[in-house]
Amino acid sequence: MTSEDLNSEDNPFSPSDSAPEGALDDVQQAVESLREQLAQVIVGQDEVIDQLLLSLLSSGHCLLVGVPGLAKTLLISTLARALSLNFNRIQFTPDLMPSDITGTEVIQEDKATGDRVFRFVPGPIFANIVLADEINRTPPKTQAALLEAMQEKQVTVGGKRHPISEPFFVLATQNPIEQEGTYPLPEAQLDRFMFNIRVDYPSSEEELEIMQRTTGGHQSAVNTVLDGERIMQLQGMVREVPIADDLIRYALRLTRATRVKTEDAPEFVKRHVDWGAGPRAGQYLVLGAKASAILDGRPHVTAEDIRRVALPVLRHRIVTNFAAEAEGVTSDDIITRLLEETAAHVV
């Protein structure tokens, strides 16, 4: 499929088809309703909210990185209030054990027969939205308890598999400046997160509004606007959005250009990068681009959609080396330069 094919009669999202148009309008209304509810509590952070909604539509997990006090936890809890979904918060601490997350088996006596049997008691991971607060404050052994749940949407305890109801999202927060008593997330776990979202300081006007809102007696109400079934319908629509083959190859070129040992990597990548992004990055670039298109009410993907999600998808999948650290080059700098030097279409 090429870009021209997207306007053909075979395109299920063609403007000539009234049903898809109505479906796109439904998505727009659903997302706008969700934005309105988040705006009742959250001031500004429009780009962060956009990326969070993109991951929601793509059924992806998110890691929110920012200094304390930027409403990361509040944003996630407000999102949970606006969705008719089960929500659990896990406060990660150094003494947290894997069973505190996944659950454990306990011995229970059957009063009728007197037999003792094992019964599984689910942990807080069994929810639709799980807030993993300060995820880097617990050791790798406990962090790894999330791996199976994030990838397979199930937990294995005592040799038995326990499925987690969908939709299922892990939304984690992390403080980037405090390193004492923290444990960096392993690359294998970072790769399970679709987006690494950077949460920055608010503008002066936004901070003034925050101070005015939060120091008075008024409490904003958040209404439920979407349920689990509707969210899964929207996620299904995202996967049906068509994308041209040349745009998929564009996402592939971006991904492969981050790998030092491939011929696709430019010299500045070979100089500053130890390890690049794996195949999951390309998958998330395409899925995120589809969600971006449908979020904007467009029936197909453009190159701008891929560029829109490149930073949050790739930044935590690129491991820079000592040369990059010495020169002050970050993964964001590398991705930005790749976007500037990689053509969307190859003639």
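Computed quantities for the displayed model
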| item | result |
| --- | --- |
| Residue list for the range 137-186, filter: touching a Lys or Arg at 6+ places or on another chain (Cβ under 8 Å) and either part of a helix (DSSP H, G or I) or free of Cβ contacts under 8 Å to residues at least 12 places away in the same chain (or both) | 146, 147, 150, 151, 154, 163 |
| Hits in the range 49-101 (condition: more than 15 Å from the chain's Cα centre (by Cα), under 21 Å from residue 191 (Cα atoms) and acidic (Asp, Glu)) | none |
| All positions within the range 261-288 that are out of contact with any strand residue (DSSP E or B) (no Cβ under 9 Å at 6 or more places or on another chain), assigned to a loop (DSSP other than H, G, I, E, B) and closer than 15 Å to residue 187 by Cα | 277, 278 |
| Which listed residue, of 132, 127, is part of a loop (DSSP other than H, G, I, E, B), aliphatic (A, V, I, L, M) and in contact with a Leu (Cβ under 9 Å, 6 or more places away or on another chain) | 127 |
| Residue identified as of a type outside the set (Lys, Arg), surrounded by fewer than 17 Cβ atoms within 10 Å (Cβ to Cβ), in contact with a Leu (Cβ under 9 Å, 6 or more places away or on another chain) and outside any loop (DSSP other than H, G, I, E, B) among 208, 234, 252 | 252 |
| Cβ-Cβ under 7 Å pairs, at least 6 apart or on other chains, the range 300-320 side in a helix (DSSP H, G or I), far side of a type in the set (Val, Ile, Thr) | 310/335; 311/335; 312/197; 314/258; 314/335 |
| Flag if residue 221 is among the aliphatic types (A, V, I, L, M) and part of a helix (DSSP H, G or I) | no |
| Among (1) under 23 Å from residue 292 (Cβ atoms); (2) modelled with pLDDT under 90; (3) part of a loop (DSSP other than H, G, I, E, B), the one test that residue 258 misses | (2) |
| Enumeration of residues in the range 40-76 that are under 17 Å from residue 310 (Cβ atoms) and without any contact (Cβ under 8 Å) to a residue 24 or more places away in the chain | 47 |
| Single condition residue 142 does not satisfy, out of (1) at pLDDT below 85; (2) over 27 Å from residue 47 (Cβ atoms) | (1) |
| The range 329-347, subset at pLDDT 90 or above and of a type outside the set (A, V, I, L, M, F, W, C), residue nearest to residue 198 (Cα to Cα) | 332 |
| Single match in 326, 293 (criterion: among the small types (Gly, Ala, Ser), within 28 Å of residue 23 (Cα to Cα), modelled with pLDDT under 95 and assigned to a helix (DSSP H, G or I)) | 293 |
| Spans of helices (runs of 4 or more DSSP H) in the range 1-115 with at least 2 residues surrounded by 14 or more Cβ atoms within 10 Å (Cβ to Cβ) and at pLDDT below 75 | 18-39 |
| Test: residue in the range 164-174 that is at pLDDT below 85, over 14 Å from the mean Cα position of the chain (by Cα) and surrounded by fewer than 18 Cβ atoms within 10 Å (Cβ to Cβ) | no |
| Flag for residue 121 being outside the structural domain of residue 211 (by TED's automatic domain parsing), out of contact with any Phe, Trp or Tyr (no Cβ under 9 Å at 6 or more places or on another chain), within 18 Å of residue 164 (Cβ to Cβ) and loosely packed, with under 14 Cβ neighbours inside 10 Å | yes |
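Residue by residue, here is whether (1) at pLDDT 90 or above; (2) more than 22 Å from residue 66 (Cβ to Cβ); (3) buried (at least 21 other Cβ atoms within 10 Å of the Cβ) holds:
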position	(1), (2), (3)
130	yes, no, yes
149	no, yes, yes
157	no, yes, no
160	no, yes, no
181	no, no, no
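The values are calculated or read from the model by the stated rules, or taken from the named source; none is laboratory data. This one's a predicted model, so the numbers in the text were calculated from it and none came from an experiment. Every residue, glycine as well, gets a Cβ built from its backbone with ideal geometry; the counts of neighbours run over all protein chains shown.
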